[in-house]
Each structure stands twice: as structure tokens, then as C-alpha cells.
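J.: Here's a structure for you.
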Ligand SMILES: NC(=O)c1ccc[n+]([C@@H]2O[C@H](COP(=O)([O-])OP(=O)(O)OC[C@H]3O[C@@H](n4cnc5c(N)ncnc54)[C@H](O)[C@@H]3O)[C@@H](O)[C@H]2O)c1
């Protein structure tokens with residue numbers, strides 16, 4: 001297939017491009033090497049892993065550039081739209097910037113698909129669209145894979161009407177724009193709600209990467225709340241398996257949402273303990289109050305993705321942290 005991947009120099013985009021190229025697809029990777037969230041040098045290193053591989057073309061450009069996105073969409077069988085400003089807390093500092101890239105940018109990509117006659121789109125959404133759910137008793141974690149539905153497991157048919165941060169609201173808006181384009185023009189869309197993704201090349205400002213860097217430098221780690229907030233962490237290989245299956249399955253006229261998560265939660269305190277024991281270094285913790293925009297828990301019900309995409313998260317957090325730390329230690 002001819003595939004346009006936006007955000008190709010990012011964490012998830014670079015892994016997805018590697019996978020698609022290994023199967024012989026022709027991939028055009030679009031990225032602006034934006035340095036708002038983290039440094040462009042990291043993205044250059046990610047892109048360098050792709051440039052020169054047969055079938056890959058890197059385009060340095062912006063999803064806000066309408067003529068460019070239209071030109072790139074021409075002749076594509078599929079567009080995978082990953083480019084965005086990610087991150088909950090920075091979105092609170094600059095909501096208009098997030099709206100521009102994530103909402104207007106997504107609208108541009110949809111228009112490019114319409115103009116170029118592209119019938120298939122995979123869109124990276126986020127678990128954050130679910131907003132703040134309460135924690136009913138013990139969190140589903142502690143080494144056990146959560147079994148099926150529990151009241152707190154996020155389900156795709158939740159109306160998602162109260163995103164807790166500007167970032168989350170822009171992702172929900174992007175989903176709705178996709179819905180409208182499907183209804184008006186029949187473009188097939190697969191929405192993927194990623195649950196905190198980690199692994200080699202994880203964004204440097206994300207918790208696992210940041211904690212690993214600070215603990216190994218014997219610097220204090222700031223933790224917000226009381227350590228009981230919980231996240232469903234998903235190893236990058238599992239995300240790529242699910243995203244790849246979505247790419248191969250999406251059909252014109254579709255509009256389907258899938259949770260891609262690890263389907264198990266880990267508390268903040270447990271996460272820090274896992275990282276520090278893997279590094280063999282006692283962490284120095286600086287406890288601070290909860291941050292606005294943060295949610296107490298994320299937890300994916302992945303049964304729909306399991307049924308339709310054959311998605312099954314395989315890497316438990318203990319193994320994933322070990323693999324992340326191995327990667328982090330490499331010179
Ligand atoms: N990593 C996660 O845990 C996670 C969780 C939920 C959703 N997501 C979503 O998945 C996607 C990929 O996330 P990631 O962690 O790889 O982030 P990332 O920041 O590493 O990748 C995004 C890429 O998009 C590029 N980009 C930003 N603005 C652009 C623009 N205007 N034009 C062109 N390129 C632009 C950036 O330069 C970056 O390389 C994002 O849409 C993100 O919101 C990620």
C-alpha cells in the first residue's frame with residue numbers, strides 16, 4: 001500500500017513506519033520536527049532510523065499546510081494521522097496552540113483525504129477523552145490482569161462529554177470531525193484511543209522516561225497526589241500490533257473506535273518502585289499536590305479491539321519496564 005504517516009518522526013510514528021516498511025509498504029512520513037513538547041534532536045534521531053530504508057520518503061512539513069497535505073494525500077491508499085501536540089499538562093498552559101494543531105490540523109488532514117479521494121484513515125486518539133472517573137475501591141492492578149469488564153474499565157461507547165484537559169478536548173474534537181467526514185463523504189475511519197504508551201524512544205517528558213532519567217541521575221522525582229493514581233500502561237510493541245491491524249482492517253464507510261491499552265493498571269507509587277528497583281537506585285521523592293487536568297485512573301476495556309483486530313496486549317509492565325531501562329542504558 002501507499003501510506004502517508006503524519007508524525008512519523010515521533011515516538012509512535014517512528015515505530016509504526018519501521019513496521020510498515022518491513023512489510024514492503026511505500027511510506028511517506030510527514031513531520032514538522034516541532035520542538036514545543038520536546039527537542040527536535042530526538043525526532044531527528046528517530047527519523048534517521050527510517051531515512052534510507054527502501055520505500056520511505058521523509059517530508060519536513062506541517063499538517064497545517066493545506067496545499068502540502070493535499071499534495072501528499074494524492075495516490076495514498078491509507079493515511080495514518082498521528083501528528084499532534086500530545087501531553088495533558090502543557091495543554092493547560094497553551095490551549096489555543098493545541099486547538100490549532102490538533103483540531104485544525106486534523107480537519108486539514110480530513111480535507112486532504114477528501115480532496116485526494118483517500119478512503120481510509122486511522123486517527124490517533126487518546127484515553128484522556130474519557131475524562132475523570134472515580135476509583136471504586138482497590139485499583140485493578142497489583143500484578144493481576146483485569147478480568148473483562150469492571151465498572152471502571154473505559155468502554156468505547158462512553159459519550160466522553162467531559163474531557164478533563166484542553167488536550168483531551170482537542171482529541172475528542174478530532175474524533176467528531178472524523179465522524180462528520182465519514183457521514184458526509186464516506187471516508188472510512190478507525191479511531192484508536194491509546195492508553196499511556198511506553199517503551200524504547202518514549203517521549204522524554206513522559207513519566208516513565210522522566211522518572212528513569214531523574215532516578216538514574218540521583219535527582220529528586222516530583223510526584224503529584226498521594227501515589228494512588230493509576231494508569232493503564234501499554235508497551236509500544238502492543239500498540240504497534242493494534243495500530244497495524246487497524247491499518248489493514250479499516251474499510252471505506254467505517255467509523256469504529258478502539259481502546260488500545262494494556263488492560264491492567266499500575267499505581268504511580270508502584271511504577272516508581274518498579275523503575276527504581278530495575279535501576280538499583282533508591283528514588284528521592286518530592287511529593288506535591290494533585291495537578292489540574294490529571295485524572296485518577298485510566299483503564300482500558302480492550303474486548304472490542306480483541307474481537308475485531310485480534311488485539312491482545314502481551315507485554316506486562318514488569319517486562320516492559322525492564323526493556324525500557326535496557327534501552328535507556330544503551331549508550
Ligand atoms: N504516547 C502516548 O502515550 C499517547 C497516548 C495517547 C495518544 N497519543 C497520541 O498518539 C500520537 C503520537 O504520540 P507520540 O507519543 O508518538 O507523540 P510525539 O510527540 O512523539 O509524536 C508526534 C509527532 O507529531 C509531530 N507534529 C506535531 N505537530 C505537527 C505539525 N503541526 N505538523 C506535522 N507534524 C507535527 C511532532 O513533531 C512529533 O514528531 C499523538 O497524536 C498523541 O496525541 C499518544
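The values are calculated or read from the model by the stated rules, or taken from the named source; none is laboratory data. Note that the structure is predicted; figures quoted are calculated from it, not measured. Here the Cβ positions follow ideal geometry from the backbone for every residue, glycine too, while neighbour counts run over all protein chains shown.
J.: Filter segment 1-15 for residues that are out of contact with any helix residue (DSSP H, G or I) (no Cβ under 6 Å at 6 or more places or on another chain) and either without any contact (Cβ under 8 Å) to a residue 40 or more places away in the chain or outside any strand (DSSP E or B) (or both); which is farthest from residue 82 (Cα to Cα)?
T.: Ranking the qualifying residues of segment 1-15, first place goes to 1.
J.: Looking at 59, 101, which is the one that is near the ligand (Cβ under 10 Å from one of its atoms), within 26 Å of residue 128 (Cβ to Cβ) and either touching a strand residue (DSSP E or B) at 6+ places or on another chain (Cβ under 8 Å) or modelled with pLDDT of 95 or more (or both)?
T.: Details: 59 fails: within 26 Å of residue 128 (Cβ to Cβ).
After applying the criteria, what remains is 101.
J.: Counting only residues that are surrounded by 15 or more Cβ atoms within 10 Å (Cβ to Cβ) and modelled with pLDDT of 95 or more, give me the strands (runs of 3 or more DSSP E) lying completely in segment 187-292 with at least 2 of them. Don't jump to the end; show me each part of the working.
T.: Details: elements: 188-194, 220-224, 255-260, 284-288.
In segment 187-292, 188-194, 220-224, 255-260 are the strands (runs of 3 or more DSSP E) which contain 2 or more residues that are surrounded by 15 or more Cβ atoms within 10 Å (Cβ to Cβ) and modelled with pLDDT of 95 or more.
J.: Can you tell me which condition residue 40 does not meet? The list is (1) within 8 Å of the ligand (Cβ to nearest atom); (2) more than 18 Å from residue 105 (Cα to Cα); (3) buried (at least 16 other Cβ atoms within 10 Å of the Cβ), and all the others hold.
T.: The single condition residue 40 does not satisfy is (3).
J.: Separate question: Could you pull out the residue among 198, 167 that is within 12 Å of the ligand (Cβ to nearest atom) and under 21 Å from residue 93 (Cβ atoms)? Talk me through it step by step, then tell me what you get.
T.: Values: 198 fails: under 21 Å from residue 93 (Cβ atoms).
Step by step, each of 198, 167 is checked, and only 167 is within 12 Å of the ligand (Cβ to nearest atom) and under 21 Å from residue 93 (Cβ atoms).
J.: Oh, and also: Take residue 50 and tell me if it is crowded, with 17+ Cβ neighbours inside 10 Å, assigned to a strand (DSSP E or B), within 13 Å of the ligand (Cβ to nearest atom) and touching a residue at least 24 places away in the same chain (Cβ under 8 Å). Write out each step before concluding.
T.: Numbers: crowded, with 17+ Cβ neighbours inside 10 Å: yes; assigned to a strand (DSSP E or B): no; within 13 Å of the ligand (Cβ to nearest atom): yes; touching a residue at least 24 places away in the same chain (Cβ under 8 Å): yes.
It is false that residue 50 is crowded, with 17+ Cβ neighbours inside 10 Å, assigned to a strand (DSSP E or B), within 13 Å of the ligand (Cβ to nearest atom) and touching a residue at least 24 places away in the same chain (Cβ under 8 Å).
J.: Considering only residues of segment 16-37 that are in a loop (DSSP other than H, G, I, E, B) and more than 10 Å from the ligand (Cβ to nearest atom), which is farthest from residue 249 (Cα to Cα)? If you could, list the steps in order and put the result at the bottom.
T.: Of the residues in segment 16-37, the ones in a loop (DSSP other than H, G, I, E, B) are 23-25, 32-37.
With more than 10 Å from the ligand (Cβ to nearest atom) added as a condition, the list becomes 23-25.
Working: 23: 16, 24: 17, 25: 15 Å.
Per the stated criteria, the residue is 24.
J.: For segment 185-192, indicate whether the set of residues that are more than 11 Å from the ligand (Cβ to nearest atom), touching a residue at least 12 places away in the same chain (Cβ under 8 Å) and farther than 21 Å from residue 114 by Cα is non-empty.
T.: No, segment 185-192 has no match at all.
J.: Quick check on this structure: which one of 196, 243, 234 is touching a residue at least 24 places away in the same chain (Cβ under 8 Å), under 14 Å from the mean Cα position of the chain (by Cα) and farther than 30 Å from residue 289 by Cα? Full working, then the answer.
T.: Working: 196 fails: farther than 30 Å from residue 289 by Cα; 234 fails: farther than 30 Å from residue 289 by Cα.
Checking each option against the conditions leaves just 243.
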